[in-house]
Amino acid sequence: MTAKAEHISGDRYRVRIYFGADPATGKPIQRAKYFRAKGQRDANRLAAGVEAALREELDEAKAGRGTVAELVDLWVKHRAARDSPATVYRRQSILAAIKRDLGKIPVDKLRPLDIDQWYDHLRAENVGQGVTVKYRSESTIHHYHRVLHAILEQAYRWEMTDRKPGDRATAPKVRRKVQPWNVTPAAVVALINAAEPDLAVAVRVLAATGLRRGEMMALTWVDVNLDAGLLAVHKSLVGLPGGRLIVKSTKTDDPRIVEIDPTTVQVLADHRRRWEELMPGLAVDAYLFPNPLTPDRAGRTPRHPDWASQRWRALCAREGARIRLHDLRHFHLSTLIDLGVNVLEVAGRGGHARPSTTTDMYGRRSEGAGRRAALQIEAALSRGLEKEQS
């Protein structure tokens with residue numbers, strides 16, 4: 001049956017054809033082609049040819065569906081201009097595993113069962129070195145799932161398949177690690193006091209602002225307004241294999257302004273003066289944590305982000321503390337929630353795109369909040385008991 005020529009406006013007309021239904025919503029999938037005609041009669045005469053061309057395009061798209069391996073290569077090229085070098089590097093092993101284990105399967109023939117069996121294989125595969133036996137965690141397998149799901153979603157949008165096997169596969173479950181309650185203000189202060197000068201400043205900044213490690217290491221003095229007590233957070237420093245460093249946008253690509261307290265302002269002012277003595281030629285746009293081992297005496301060469309993590313681990317080992325550097329971010333955000341700070345403000349400080357991310361990750365981490373809830377319930381029950389006895 002010839003498709004109907006639909007009038008859009010003026011001399012513009014449209015022919016639509018339908019081919020199957022969306023497996024997720026059940027809604028019909030359509031494709032349209034627009035053309036110009038002198039009137040409805042002329043449009044009806046041209047409609048058959050337009051429909052034929054449209055179906056030919058659809059057939060060509062289906063014929064070019066190819067294998068999963070070919071799809072992965074297409075997807076990598078599609079993402080090349082959007083993803084940072086760090087993201088591309090971290091994803092390499094996942095893409096290699098997809099091509100190795102699923103690559104020969106035609107995209108349109110990939111089943112949810114194939115994907116679930118692949119997840120089982122990833123769980124059972126020994127990825128240790130030498131005699132060391134090591135298996136992937138469920139969190140790691142979830143990363144594999146997210147990448148494969150994104151690739152298959154793109155294939156659906158490209159009309160390389162009419163199905164969504166990634167949606168029907170069994171997604172690996174990720175259990176969030178609970179914020180350790182030993183990250184208390186006293187523990188943080190004790191570690192700051194025991195740290196070397198630069199590390200002490202870094203720890204103070206992380207605990208007082210909730211910045212991510214890369215965001216802190218990317219800060220330059222141009223980003224710091226000590227008079228107003230503000231930090232401009234709009235980039236992140238990432239280390240790649242071989243010691244290469246790149247500066248990229250923040251995790252959510254949204255710049256933000258973070259207020260800092262007077263004590264942290266003074267700590268940063270003292271830190272600046274100390275580095276001006278160490279590097280008399282320190283530039284106005286120098287990094288807060290410049291690399292002193294390079295010929296650059298203007299401070300425009302940053303330290304590797306791993307510097308903070310390695311020194312922190314050594315400090316915690318020496319002091320007998322079991323706290324990750326990233327736990328300082330958890331400490332900051334969960335403490336604010338515990339103190340009753342508006343969740344929108346907490347999300348803004350943490351650089352979360354959605355407040356729900358903040359509440360999901362940190363809303364139930366606070367020991368103090370849970371204790372207060374228990375006491376409030378106790379008080380309510382006590383009042384009920386008093387009324388019952390009176």
Completion exercise
Once phi for every residue in the range 246-258 is put through the Karplus expression 6.51 cos²θ - 1.76 cosθ + 1.60 (θ = phi - 60°), the whole-Hz ³J(HN,Hα) values, with Gly and Pro written as x, are 10, 9, 10, 6, 5, 4, 9, 6, 10, x, 8, 10, 10
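What net charge is computed for the residues neighbouring K4, neighbours being all others with C-beta under 10 Å from the C-beta of K4, Lys and Arg scored +1, Asp and Glu -1?
0
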Problem - Point-charge dipole on Cβ atoms (K/R +1, D/E -1) for the range 113-221, about Cα centre, debye to 20 - result: 300 debye
Exercise for the section: Calculate I(q)/I(0) for the chain by the Debye formula, one identical point scatterer on each C-alpha and no solvent, and give its log10 at q = 0.07 Å⁻¹ to two decimals. Expected result: -0.53
Handout entry: Interchain or long-range residues, amide H under 5 Å from T220's placed H
Key = L288
Practice task
For D116 and E319, calculate 0.36 nm times their separation in residues minus their Cα-Cα distance, and state this gained length in nm to one decimal.
Solution key: 68.6 nm
Handout entry: Per-residue [θ]222 nm for the chain (sum of -39500 (n - 2.57) over DSSP H runs n ≥ 4, rounded to 500)
Key = -16500 deg cm²/dmol
Practice task
Extending each Cα 7 Å along its Cβ direction at E386 and E125, get the distance between those two points in nm, one decimal.
Solution key: 6.4 nm
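To one decimal place, what orientation-averaged projected area in nm² is obtained for the convex hull of the Cα set of the range 235-302? Mind dumping the intermediate values first?
Numbers: hull surface 23.3 nm².
Reported value for the Cα convex hull: 5.8 nm².
Starting from 0.36 nm per residue, how many nanometres of slack lie between D261 and T301 once their C-alpha separation is accounted for?
Length gained, D261 through T301: 11.7 nm.
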Completion exercise
With R₀ set to 41 angstrom, the calculated FRET efficiency between the beta-carbons of E196 and R157, to the nearest 0.05, is 0.20
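How much length is gained if the chain between V88 and R146 is pulled fully straight, taking 0.36 nm per residue apart and subtracting their Cα-Cα distance, in nm to one decimal?
Details: separation 58, 0.36 × 58 = 20.88 nm, distance 1.44 nm.
Between V88 and R146, full extension yields an extra 19.4 nm.
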Practice task
Round to the nearest 0.05 the FRET efficiency obtained for S309 and A353 when R0 = 22 Å and r is the Cβ-Cβ distance.
Solution key: 0.30
Problem - Förster radius 41 Å - calculated FRET efficiency between I105 and K251, Cβ distance, rounded to 0.05 - result: 0.80
Handout entry: Cα→Cβ-extended label distance, 7 Å offset, between L339 and L58, nm
Key = 6.0 nm
Completion exercise
Hydrodynamic calc, the range 68-168: Kirkwood Rh from Cα pairs, then Stokes-Einstein at 4 °C with viscosity 1.567 mPa s, so D in µm² s⁻¹ is 91 µm²/s
Handout entry: Distance cut-off 20 Å, percentage of C-alpha pairs in the range 161-252 lying past it
Key = 59 percent
Practice task
List the DSSP H helices in the chain whose Cα atoms stretch 15 Å or more along the helix axis and whose mean Kyte-Doolittle hydropathy is at least 0.0.
Solution key: 68-79, 197-209
Practice task
Once you have a ≥ b ≥ c as the square roots of the Cα gyration tensor eigenvalues for the range 185-324, tell me rounded if a/c is under 1.5, and otherwise prolate or oblate according to whether a/b is larger than b/c.
Solution key: rounded
Exercise for the section: Treat every Asp and Glu Cβ in the chain as -1 and every Lys and Arg Cβ as +1, leave all other atoms uncharged, and give the resulting dipole magnitude about the Cα centre to the nearest 20 debye. Expected result: 920 debye
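No lab work stands behind these numbers, since they all come straight from the coordinates. Every value quoted in this text rests on a predicted model; they were computed, and no experiment measured them. Cβ: placed from backbone, ideal geometry, glycine included. Neighbour counts: every protein chain shown.
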